[in-house]
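Working notes for the structure below.
The values are calculated or read from the model by the stated rules, or taken from the named source; none is laboratory data. Keep in mind that what you see is a predicted model, and the values were worked out from it rather than measured. Glycine gets a Cβ as well: all are built from the backbone with ideal geometry, and neighbour counts include every protein chain shown. Heads up: the accessible areas ignore ligands, DNA and RNA and are worked out on the full protein's heavy atoms, side chains in. Shrake-Rupley method; radii C 1.70, N 1.55, O 1.52, S 1.80 Å.
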Amino acid sequence: MKICMIGSGYVGLVTGACLAEFGMEVICVDNDAAKIALLRKGECPFYEPGLDEVLEKNMKEGRLSFSTDTKQGIKASSVIFIAVGTPAKVDGSSDLSHVEAVARQIAAYMTDYKIIVIKSTVPVGTGKWIKGVMEGALEEKFAFDLVSNPEFLREGAAVEDFFRPDRIVIGAESERAIQAMKEIYNAFYLNEAPFVITSIEASELIKHASNAFLATKISFINEIAILCERVGADVHDVARAMGLDGRIGKKFLHPGPGFGGSCFPKDTKALVHVGKEHDCAMEIVQATIRVNERQKERMLEKIEEMTGDLRGKTIGVLGLAFKPNTDDMREASAIPIIQGLQARGARIKAYDPEAMEAAKKIFQDVTFCKGPYEVAEGSHAIVLLTEWNQFRLLDLERIKGLLKEPVFIDLRNVYEPLHMHGLGFRYCGVGR
Ligand code: UDX
(Lines give C-alpha, C1' and ligand atoms only; values in the text may rest on other atoms or scores of the structure.)
Protein backbone atom coordinates (compact mmCIF):
# COMPACT_ATOMS: atom_id res chain seq x y z
CA MET A 1 0.00 0.00 0.00
CA LYS A 2 1.31 3.46 -0.88
CA ILE A 3 0.89 6.21 1.70
CA CYS A 4 1.42 9.95 1.37
CA MET A 5 2.14 11.77 4.65
CA ILE A 6 1.51 15.50 4.22
CA GLY A 7 3.36 17.40 6.94
CA SER A 8 6.75 16.08 8.08
CA GLY A 9 6.90 17.55 11.56
CA TYR A 10 6.91 15.92 14.99
CA VAL A 11 3.83 13.85 14.16
CA GLY A 12 4.02 13.29 10.41
CA LEU A 13 7.67 12.31 10.28
CA VAL A 14 7.47 9.83 13.14
CA THR A 15 4.24 8.32 11.82
CA GLY A 16 5.52 8.14 8.23
CA ALA A 17 8.84 6.56 9.16
CA CYS A 18 7.20 4.02 11.48
CA LEU A 19 4.57 3.05 8.89
CA ALA A 20 7.44 2.43 6.47
CA GLU A 21 8.96 0.21 9.14
CA PHE A 22 5.72 -1.80 8.91
CA GLY A 23 6.50 -2.42 5.25
CA MET A 24 4.36 0.24 3.64
CA GLU A 25 5.73 2.54 0.96
CA VAL A 26 5.57 6.07 2.39
CA ILE A 27 6.29 9.42 0.78
CA CYS A 28 6.61 12.22 3.33
CA VAL A 29 5.74 15.59 1.82
CA ASP A 30 6.40 19.01 3.28
CA ASN A 31 6.38 22.53 1.85
CA ASP A 32 9.52 23.35 3.83
CA ALA A 33 12.19 22.67 1.19
CA ALA A 34 15.03 23.05 3.71
CA LYS A 35 13.48 20.39 5.94
CA ILE A 36 13.01 18.01 2.99
CA ALA A 37 16.60 18.60 1.87
CA LEU A 38 17.83 17.71 5.39
CA LEU A 39 15.68 14.57 5.46
CA ARG A 40 16.90 13.48 2.05
CA LYS A 41 20.45 13.56 3.50
CA GLY A 42 19.15 11.28 6.26
CA GLU A 43 19.29 14.06 8.85
CA CYS A 44 16.47 14.60 11.32
CA PRO A 45 15.32 18.26 11.63
CA PHE A 46 14.58 17.84 15.36
CA TYR A 47 15.76 15.74 18.29
CA GLU A 48 13.64 12.61 18.78
CA PRO A 49 15.33 9.54 20.35
CA GLY A 50 15.47 6.57 17.97
CA LEU A 51 14.03 8.37 14.94
CA ASP A 52 17.39 8.60 13.15
CA GLU A 53 17.67 4.81 12.99
CA VAL A 54 14.12 4.31 11.68
CA LEU A 55 14.64 7.00 9.02
CA GLU A 56 17.99 5.60 7.86
CA LYS A 57 16.85 1.97 7.69
CA ASN A 58 13.66 2.64 5.76
CA MET A 59 15.25 5.10 3.35
CA LYS A 60 17.95 2.53 2.63
CA GLU A 61 15.34 -0.16 2.03
CA GLY A 62 13.56 2.18 -0.36
CA ARG A 63 10.20 2.34 1.44
CA LEU A 64 10.56 5.90 2.75
CA SER A 65 11.11 8.96 0.58
CA PHE A 66 10.75 12.74 0.93
CA SER A 67 9.43 15.34 -1.47
CA THR A 68 8.05 18.87 -1.73
CA ASP A 69 5.83 17.76 -4.63
CA THR A 70 2.41 17.34 -3.01
CA LYS A 71 0.70 16.66 -6.33
CA GLN A 72 2.96 13.71 -7.16
CA GLY A 73 2.63 12.37 -3.62
CA ILE A 74 -1.16 12.43 -3.79
CA LYS A 75 -1.37 10.87 -7.27
CA ALA A 76 0.95 8.01 -6.33
CA SER A 77 -0.81 7.09 -3.05
CA SER A 78 -4.08 5.43 -2.09
CA VAL A 79 -4.11 6.70 1.52
CA ILE A 80 -3.23 10.30 2.30
CA PHE A 81 -2.49 11.39 5.89
CA ILE A 82 -2.91 15.05 6.82
CA ALA A 83 -0.35 15.71 9.57
CA VAL A 84 0.11 19.47 9.36
CA GLY A 85 0.18 21.80 12.36
CA THR A 86 -2.99 23.09 13.98
CA PRO A 87 -1.59 25.84 16.26
CA ALA A 88 -3.74 27.77 18.74
CA LYS A 89 -5.06 31.14 17.59
CA VAL A 90 -5.19 34.08 20.00
CA ASP A 91 -8.78 33.24 20.97
CA GLY A 92 -7.71 29.67 21.79
CA SER A 93 -9.38 28.15 18.74
CA SER A 94 -7.37 25.90 16.43
CA ASP A 95 -5.89 27.35 13.26
CA LEU A 96 -7.18 24.85 10.67
CA SER A 97 -6.01 26.81 7.64
CA HIS A 98 -3.20 24.35 6.86
CA VAL A 99 -5.58 21.38 7.16
CA GLU A 100 -8.08 23.06 4.83
CA ALA A 101 -5.37 24.00 2.32
CA VAL A 102 -4.12 20.40 2.16
CA ALA A 103 -7.66 19.05 1.79
CA ARG A 104 -8.21 21.40 -1.16
CA GLN A 105 -4.92 20.28 -2.72
CA ILE A 106 -6.00 16.64 -2.41
CA ALA A 107 -9.33 17.45 -4.06
CA ALA A 108 -7.50 19.28 -6.84
CA TYR A 109 -4.95 16.52 -7.53
CA MET A 110 -6.80 13.25 -6.93
CA THR A 111 -7.68 11.23 -10.02
CA ASP A 112 -9.23 8.18 -8.32
CA TYR A 113 -10.68 6.99 -4.99
CA LYS A 114 -8.61 8.03 -1.95
CA ILE A 115 -8.76 7.58 1.78
CA ILE A 116 -7.94 10.84 3.54
CA VAL A 117 -6.78 10.42 7.15
CA ILE A 118 -6.72 13.41 9.50
CA LYS A 119 -3.79 12.68 11.84
CA SER A 120 -3.45 16.31 13.00
CA THR A 121 -5.07 17.16 16.32
CA VAL A 122 -8.31 18.94 15.39
CA PRO A 123 -11.43 20.12 17.26
CA VAL A 124 -14.45 17.85 17.05
CA GLY A 125 -16.43 18.64 13.90
CA THR A 126 -13.38 19.26 11.70
CA GLY A 127 -13.72 15.95 9.82
CA LYS A 128 -17.30 16.67 8.88
CA TRP A 129 -16.35 20.18 7.77
CA ILE A 130 -13.35 18.98 5.72
CA LYS A 131 -15.55 16.33 4.07
CA GLY A 132 -17.89 19.13 2.97
CA VAL A 133 -15.02 21.24 1.71
CA MET A 134 -13.74 18.36 -0.41
CA GLU A 135 -17.16 17.38 -1.73
CA GLY A 136 -17.65 20.99 -2.76
CA ALA A 137 -14.30 21.12 -4.52
CA LEU A 138 -14.71 17.70 -6.18
CA GLU A 139 -18.27 18.15 -7.47
CA GLU A 140 -18.63 14.36 -7.32
CA LYS A 141 -15.86 13.76 -9.82
CA PHE A 142 -14.21 11.18 -7.52
CA ALA A 143 -15.23 9.24 -4.41
CA PHE A 144 -13.25 9.41 -1.16
CA ASP A 145 -13.54 8.42 2.47
CA LEU A 146 -12.45 10.63 5.34
CA VAL A 147 -10.95 9.07 8.50
CA SER A 148 -9.93 10.52 11.87
CA ASN A 149 -6.85 8.81 13.34
CA PRO A 150 -5.43 10.94 16.17
CA GLU A 151 -1.89 10.42 17.44
CA PHE A 152 -0.91 9.79 21.05
CA LEU A 153 2.84 10.28 20.70
CA ARG A 154 4.75 11.93 23.54
CA GLU A 155 7.66 14.02 22.33
CA GLY A 156 10.87 12.40 23.47
CA ALA A 157 9.19 8.98 23.38
CA ALA A 158 7.33 9.22 20.07
CA VAL A 159 8.96 6.25 18.31
CA GLU A 160 8.50 4.08 21.41
CA ASP A 161 4.89 5.24 21.76
CA PHE A 162 4.21 4.48 18.09
CA PHE A 163 5.35 0.88 18.36
CA ARG A 164 3.73 0.28 21.75
CA PRO A 165 0.43 2.18 21.59
CA ASP A 166 -2.09 2.00 24.41
CA ARG A 167 -4.79 2.14 21.72
CA ILE A 168 -5.40 2.87 18.06
CA VAL A 169 -8.37 5.16 17.52
CA ILE A 170 -10.12 5.12 14.13
CA GLY A 171 -13.06 7.38 13.34
CA ALA A 172 -14.63 6.31 10.04
CA GLU A 173 -17.97 6.01 8.24
CA SER A 174 -17.41 3.22 5.71
CA GLU A 175 -16.39 -0.42 5.98
CA ARG A 176 -13.95 0.12 3.12
CA ALA A 177 -12.11 2.84 5.07
CA ILE A 178 -12.11 0.77 8.27
CA GLN A 179 -10.63 -2.22 6.44
CA ALA A 180 -7.91 -0.06 4.90
CA MET A 181 -6.97 1.35 8.32
CA LYS A 182 -6.88 -2.13 9.84
CA GLU A 183 -4.55 -3.17 7.01
CA ILE A 184 -2.29 -0.17 7.72
CA TYR A 185 -2.16 -0.96 11.44
CA ASN A 186 -2.21 -4.72 10.85
CA ALA A 187 0.99 -5.26 12.82
CA PHE A 188 -0.81 -3.92 15.93
CA TYR A 189 -3.93 -5.94 15.15
CA LEU A 190 -1.84 -9.08 15.34
CA ASN A 191 -0.41 -8.27 18.77
CA GLU A 192 -3.78 -7.19 20.18
CA ALA A 193 -3.23 -3.48 20.68
CA PRO A 194 -6.76 -2.26 21.46
CA PHE A 195 -8.54 -0.74 18.46
CA VAL A 196 -11.33 1.74 19.04
CA ILE A 197 -13.42 1.99 15.86
CA THR A 198 -15.90 4.82 16.28
CA SER A 199 -17.44 7.86 14.62
CA ILE A 200 -15.28 10.67 13.28
CA GLU A 201 -16.63 13.03 15.97
CA ALA A 202 -15.91 10.64 18.84
CA SER A 203 -12.40 10.02 17.50
CA GLU A 204 -11.63 13.74 17.34
CA LEU A 205 -13.02 14.30 20.83
CA ILE A 206 -11.05 11.35 22.30
CA LYS A 207 -7.80 13.16 21.51
CA HIS A 208 -8.72 16.50 23.09
CA ALA A 209 -10.46 14.89 26.05
CA SER A 210 -7.42 12.64 26.74
CA ASN A 211 -4.91 15.50 26.65
CA ALA A 212 -7.17 17.79 28.66
CA PHE A 213 -7.56 15.11 31.32
CA LEU A 214 -3.78 14.56 31.52
CA ALA A 215 -3.28 18.32 31.84
CA THR A 216 -5.97 18.39 34.55
CA LYS A 217 -4.09 15.75 36.55
CA ILE A 218 -0.99 17.94 36.42
CA SER A 219 -2.83 21.11 37.50
CA PHE A 220 -4.56 19.15 40.23
CA ILE A 221 -1.31 17.87 41.76
CA ASN A 222 0.29 21.30 41.35
CA GLU A 223 -2.48 22.83 43.46
CA ILE A 224 -2.16 20.05 46.04
CA ALA A 225 1.62 20.67 46.09
CA ILE A 226 1.16 24.33 46.99
CA LEU A 227 -1.21 23.34 49.80
CA CYS A 228 1.34 20.74 50.98
CA GLU A 229 3.92 23.52 51.35
CA ARG A 230 1.49 25.54 53.46
CA VAL A 231 0.52 22.65 55.77
CA GLY A 232 3.92 20.89 55.94
CA ALA A 233 2.93 17.70 54.05
CA ASP A 234 5.20 16.03 51.48
CA VAL A 235 3.45 15.95 48.11
CA HIS A 236 5.51 12.88 47.13
CA ASP A 237 3.79 10.91 49.89
CA VAL A 238 0.38 12.32 48.94
CA ALA A 239 0.84 11.62 45.21
CA ARG A 240 2.23 8.14 45.79
CA ALA A 241 -0.65 7.13 48.03
CA MET A 242 -3.19 8.68 45.67
CA GLY A 243 -1.67 6.81 42.71
CA LEU A 244 -1.96 3.47 44.49
CA ASP A 245 -5.69 3.75 43.95
CA GLY A 246 -6.17 1.97 40.63
CA ARG A 247 -8.88 4.45 39.70
CA ILE A 248 -6.45 7.36 39.98
CA GLY A 249 -3.23 5.86 38.61
CA LYS A 250 0.23 7.05 39.55
CA LYS A 251 1.25 8.74 36.32
CA PHE A 252 1.04 12.46 35.69
CA LEU A 253 0.95 13.31 39.38
CA HIS A 254 4.38 14.97 39.45
CA PRO A 255 4.23 18.61 40.57
CA GLY A 256 6.42 21.08 38.75
CA PRO A 257 6.53 24.51 37.13
CA GLY A 258 3.40 23.83 35.09
CA PHE A 259 2.88 21.93 31.85
CA GLY A 260 4.20 23.23 28.53
CA GLY A 261 4.80 21.72 25.14
CA SER A 262 3.02 21.85 21.81
CA CYS A 263 -0.01 19.88 22.94
CA PHE A 264 -1.45 20.47 26.39
CA PRO A 265 -1.59 24.30 26.25
CA LYS A 266 -3.04 24.22 22.72
CA ASP A 267 -5.44 21.30 23.21
CA THR A 268 -6.91 22.56 26.48
CA LYS A 269 -7.61 25.98 24.93
CA ALA A 270 -9.08 24.36 21.81
CA LEU A 271 -11.39 22.15 23.89
CA VAL A 272 -12.64 25.13 25.90
CA HIS A 273 -13.28 26.97 22.64
CA VAL A 274 -15.21 24.03 21.17
CA GLY A 275 -17.21 23.88 24.39
CA LYS A 276 -18.11 27.54 24.12
CA GLU A 277 -19.17 27.07 20.51
CA HIS A 278 -21.57 24.37 21.69
CA ASP A 279 -22.73 26.25 24.77
CA CYS A 280 -20.97 24.06 27.35
CA ALA A 281 -18.31 25.99 29.18
CA MET A 282 -15.82 23.17 30.10
CA GLU A 283 -15.31 24.72 33.57
CA ILE A 284 -12.77 22.11 34.74
CA VAL A 285 -10.54 22.54 31.67
CA GLN A 286 -10.72 26.31 32.10
CA ALA A 287 -9.55 25.90 35.69
CA THR A 288 -6.74 23.58 34.50
CA ILE A 289 -5.47 26.35 32.21
CA ARG A 290 -5.75 29.04 34.92
CA VAL A 291 -3.95 26.91 37.51
CA ASN A 292 -1.20 26.18 35.01
CA GLU A 293 -0.58 29.86 34.33
CA ARG A 294 -0.67 30.64 38.09
CA GLN A 295 1.84 27.85 38.75
CA LYS A 296 4.49 29.60 36.64
CA GLU A 297 3.96 32.83 38.60
CA ARG A 298 4.23 30.87 41.85
CA MET A 299 7.60 29.52 40.73
CA LEU A 300 8.87 33.07 40.32
CA GLU A 301 7.63 33.94 43.83
CA LYS A 302 9.31 30.81 45.16
CA ILE A 303 12.64 31.75 43.58
CA GLU A 304 12.43 35.33 44.94
CA GLU A 305 11.62 34.00 48.44
CA MET A 306 14.83 31.95 48.30
CA THR A 307 17.16 34.55 46.79
CA GLY A 308 15.78 37.80 48.19
CA ASP A 309 15.82 40.88 45.96
CA LEU A 310 16.77 39.65 42.48
CA ARG A 311 18.25 42.94 41.26
CA GLY A 312 21.85 42.38 40.22
CA LYS A 313 21.71 38.68 41.17
CA THR A 314 22.87 35.97 38.76
CA ILE A 315 20.52 33.00 38.53
CA GLY A 316 21.76 29.72 37.02
CA VAL A 317 19.05 27.75 35.15
CA LEU A 318 19.42 24.02 34.42
CA GLY A 319 17.10 22.86 31.63
CA LEU A 320 15.11 24.96 29.14
CA ALA A 321 13.07 22.50 27.00
CA PHE A 322 9.45 21.96 28.05
CA LYS A 323 10.40 18.43 29.18
CA PRO A 324 13.44 16.15 28.98
CA ASN A 325 14.48 14.26 25.80
CA THR A 326 13.29 16.95 23.44
CA ASP A 327 14.68 20.13 21.93
CA ASP A 328 11.20 21.67 21.84
CA MET A 329 10.79 25.02 23.58
CA ARG A 330 7.11 25.55 22.69
CA GLU A 331 5.23 26.93 25.73
CA ALA A 332 8.15 25.83 27.93
CA SER A 333 7.75 27.01 31.54
CA ALA A 334 11.35 28.24 31.25
CA ILE A 335 10.13 31.09 29.03
CA PRO A 336 7.89 33.03 31.47
CA ILE A 337 10.13 32.10 34.41
CA ILE A 338 13.37 33.39 32.83
CA GLN A 339 11.65 36.48 31.44
CA GLY A 340 10.10 37.10 34.88
CA LEU A 341 13.49 36.81 36.59
CA GLN A 342 15.01 39.24 34.09
CA ALA A 343 12.12 41.67 34.66
CA ARG A 344 13.01 41.56 38.37
CA GLY A 345 16.60 42.54 37.54
CA ALA A 346 18.33 39.16 37.57
CA ARG A 347 21.04 38.08 35.14
CA ILE A 348 20.59 34.56 33.71
CA LYS A 349 23.08 31.79 32.95
CA ALA A 350 21.50 28.67 31.39
CA TYR A 351 22.27 25.24 29.96
CA ASP A 352 20.10 22.62 28.23
CA PRO A 353 21.49 19.45 26.58
CA GLU A 354 19.37 19.76 23.42
CA ALA A 355 17.30 22.97 23.36
CA MET A 356 20.05 25.64 23.30
CA GLU A 357 19.65 26.42 19.59
CA ALA A 358 15.89 26.83 19.99
CA ALA A 359 16.38 28.85 23.21
CA LYS A 360 18.79 31.28 21.53
CA LYS A 361 15.95 32.34 19.24
CA ILE A 362 13.71 33.10 22.21
CA PHE A 363 15.79 34.70 24.97
CA GLN A 364 17.74 37.94 24.95
CA ASP A 365 20.65 38.60 27.32
CA VAL A 366 20.94 35.02 28.57
CA THR A 367 24.45 33.61 28.97
CA PHE A 368 24.37 30.12 27.45
CA CYS A 369 26.82 27.77 29.13
CA LYS A 370 28.46 24.50 28.13
CA GLY A 371 27.27 22.56 31.14
CA PRO A 372 25.75 22.66 34.63
CA TYR A 373 28.99 23.56 36.42
CA GLU A 374 29.59 26.61 34.25
CA VAL A 375 25.98 27.62 35.03
CA ALA A 376 26.68 27.35 38.78
CA GLU A 377 29.94 29.34 38.64
CA GLY A 378 29.38 32.72 40.24
CA SER A 379 25.58 32.34 40.43
CA HIS A 380 23.55 33.30 43.51
CA ALA A 381 21.18 30.34 42.99
CA ILE A 382 20.58 27.28 40.82
CA VAL A 383 17.06 26.67 39.43
CA LEU A 384 16.44 23.15 38.07
CA LEU A 385 13.69 23.58 35.48
CA THR A 386 13.81 20.46 33.25
CA GLU A 387 14.56 17.04 34.70
CA TRP A 388 17.16 15.86 32.16
CA ASN A 389 18.88 12.70 33.36
CA GLN A 390 22.28 14.39 33.38
CA PHE A 391 20.98 16.71 36.13
CA ARG A 392 20.05 13.81 38.41
CA LEU A 393 23.57 13.00 39.65
CA LEU A 394 25.33 16.37 39.80
CA ASP A 395 28.53 16.66 41.86
CA LEU A 396 26.68 18.68 44.48
CA GLU A 397 29.77 19.57 46.54
CA ARG A 398 31.28 21.02 43.36
CA ILE A 399 28.07 22.90 42.57
CA LYS A 400 28.03 24.34 46.09
CA GLY A 401 31.64 25.41 45.80
CA LEU A 402 30.97 27.20 42.50
CA LEU A 403 27.86 29.05 43.73
CA LYS A 404 28.13 32.48 45.37
CA GLU A 405 25.26 31.42 47.62
CA PRO A 406 24.38 27.73 48.32
CA VAL A 407 20.80 28.12 47.03
CA PHE A 408 19.23 25.24 45.05
CA ILE A 409 15.64 25.60 43.79
CA ASP A 410 14.50 22.23 42.45
CA LEU A 411 11.31 22.79 40.45
CA ARG A 412 11.18 19.12 39.41
CA ASN A 413 11.82 17.58 42.83
CA VAL A 414 14.82 15.66 41.49
CA TYR A 415 16.73 15.79 44.80
CA GLU A 416 15.84 14.89 48.40
CA PRO A 417 15.36 17.86 50.77
CA LEU A 418 17.07 16.17 53.76
CA HIS A 419 20.12 15.26 51.67
CA MET A 420 20.41 18.77 50.25
CA HIS A 421 20.06 20.43 53.64
CA GLY A 422 22.68 18.00 54.95
CA LEU A 423 25.06 19.27 52.27
CA GLY A 424 24.51 22.82 53.48
CA PHE A 425 22.25 24.03 50.66
CA ARG A 426 19.33 26.38 51.20
CA TYR A 427 17.05 24.03 49.21
CA CYS A 428 13.41 23.98 48.17
CA GLY A 429 11.32 21.80 45.86
CA VAL A 430 7.65 21.97 44.87
CA GLY A 431 5.24 20.68 47.49
CA ARG A 432 7.86 19.24 49.83
C1 UDX B 1 1.43 15.03 25.30
C2 UDX B 1 0.61 13.80 25.67
O3 UDX B 1 1.23 13.13 26.74
C4 UDX B 1 0.57 12.87 24.47
O5 UDX B 1 -0.21 11.72 24.77
C6 UDX B 1 -0.05 13.64 23.31
O7 UDX B 1 -0.20 12.80 22.17
C8 UDX B 1 0.82 14.83 22.97
O9 UDX B 1 0.94 15.68 24.12
P10 UDX B 1 3.94 15.69 25.27
O11 UDX B 1 3.36 17.06 25.28
O12 UDX B 1 4.93 15.37 24.24
O13 UDX B 1 2.74 14.61 25.10
O14 UDX B 1 4.65 15.49 26.68
P15 UDX B 1 4.24 14.92 28.08
O16 UDX B 1 5.31 13.97 28.50
O17 UDX B 1 2.86 14.44 28.03
O18 UDX B 1 4.33 16.19 29.10
C19 UDX B 1 3.61 17.34 28.79
C20 UDX B 1 3.94 18.40 29.86
O21 UDX B 1 3.45 18.00 31.16
C22 UDX B 1 5.43 18.64 30.04
O23 UDX B 1 5.64 20.03 30.15
C24 UDX B 1 5.75 17.96 31.35
O25 UDX B 1 6.82 18.59 32.04
C26 UDX B 1 4.48 18.15 32.13
N27 UDX B 1 4.25 17.12 33.15
C28 UDX B 1 4.05 15.84 32.76
C29 UDX B 1 4.17 17.51 34.50
O30 UDX B 1 4.37 18.68 34.84
N31 UDX B 1 3.87 16.58 35.44
C32 UDX B 1 3.65 15.28 35.10
O33 UDX B 1 3.38 14.48 35.98
C34 UDX B 1 3.75 14.89 33.72
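With a simple spin-label model that places each label point 7 Å from the Cα along the Cα-to-Cβ direction, the separation between Asn389 and Thr367 comes to 3.0 nm.
Bridge orientation summary for the chain: considering DSSP beta bridges with both residues in this region, about 5 percent are antiparallel. If the segment from Val231 to Lys182 were pulled out straight at 0.36 nm per residue, it would be longer than the present Cα-Cα gap by 12.4 nm. For region 41-88 versus region 112-137, the spacing of their alpha-carbon centroids is 21 Å.
Rg/Rh for region 213-428 stands at 0.98; both radii use Cα atoms, and Rh follows the Kirkwood definition.
Note that the chain, at 10 °C in a medium of 1.306 mPa s, gets a Stokes-Einstein diffusion coefficient of 68 µm²/s from its Kirkwood radius over C-alpha pairs.
What does the net charge come to around Asp95 if you take all other residues with beta carbon closer than 11 Å to its beta carbon, with K and R at +1 and D and E at -1? Neighbourhood net charge equals 0.
Between Gln339 and His278, the modelled label-to-label distance comes to 3.3 nm, taking each label 7 Å out from Cα in the direction of the beta carbon. Using a Förster distance of 35 angstrom, determine the FRET efficiency expected from the C-beta separation of Tyr109 and Asn191, and round it to 0.05. Efficiency, from the Cβ-Cβ distance: 0.45. Normalised per residue, the accessible area of the chain is 44 Å², obtained with a 1.4 Å probe and no contribution from ligands, DNA or RNA. Taking each DSSP H run with n ≥ 4 as -39500 (n - 2.57) and averaging over every residue of the chain yields -14000 deg cm²/dmol at 222 nm.
Any idea what % of Cα-Cα pairs in region 143-281 are farther than 25 Å? Before the final figure, lay out each step's value.
Details: 4104 of 9591 pairs.
Pairs farther apart than 25 Å: 43 percent.
Share of pairwise Cα-Cα distances greater than 23 Å in region 2-198 is 40 percent (whole percent). Enumerate the residues in region 256-300 having an amide nitrogen under 15 Å from the point lying 7 Å beyond the Cα of Arg154 toward its Cβ. Taking a point 7 Å out along Cα→Cβ of Arg154, the residues of region 256-300 whose backbone N falls under 15 Å are 256, 259-264. Look at where the Cα atoms of region 323-351 and of region 355-429 average out, and the two centres are 13 Å apart. Between the beta carbons of Asp309 and His421, assuming R0 = 30 Å, the FRET efficiency works out to 0.80 to the nearest 0.05.
Each of the peptides 251-261, 415-425, 291-301, 134-144 was scored by the mean count of other Cβ atoms within 10 Å over its residues; in descending order, highest first, they stand as 251-261, 291-301, 415-425, 134-144. Over all other residues within a Cβ to Cβ distance under 12 Å of Ile74, the charged ones net out to +3, with Lys and Arg as +1 and Asp and Glu as -1.
If the chain linking Ala101 and Glu175 were pulled fully straight, counting 0.36 nm for each residue of separation and taking away their Cα-Cα distance, it would gain 23.9 nm.
Classify region 224-326: rounded, prolate or oblate, from the alpha-carbon gyration tensor (a ≥ b ≥ c, eigenvalue square roots; a/c under 1.5 rounded; otherwise prolate if a/b is larger than b/c)?
Oblate shape, in that a/c is at least 1.5 and b/c is the bigger or equal ratio.
Across the alpha-carbon atoms of region 320-375, the computed radius of gyration and Dmax are 10.6, 31 angstrom.
The mean sequence separation of alpha-carbon pairs under 8 Å and at least six residues apart, normalised by the residue count of region 213-428, gives a relative contact order of 18 percent.
Could you list the trypsin sites (Lys or Arg not before Pro) in region 322-383 that lie in coil according to DSSP, counting only those with at most 12 other Cβ atoms within 10 Å of their Cβ?
Lys361, Lys370
Distances longer than 17 Å among the Cα atoms of region 147-196: what percent of all pairs is that? Write down the numbers at each step before the final one.
Working: 417 of 1225 pairs.
Every Cα pair in region 147-196 considered, those over 17 Å come to 34 percent.
Using the Cβ-Cβ distance between Lys404 and Glu293 with R0 = 22 Å, the FRET efficiency computed as 1/(1 + (r/R0)^6) comes to roughly 0.10.
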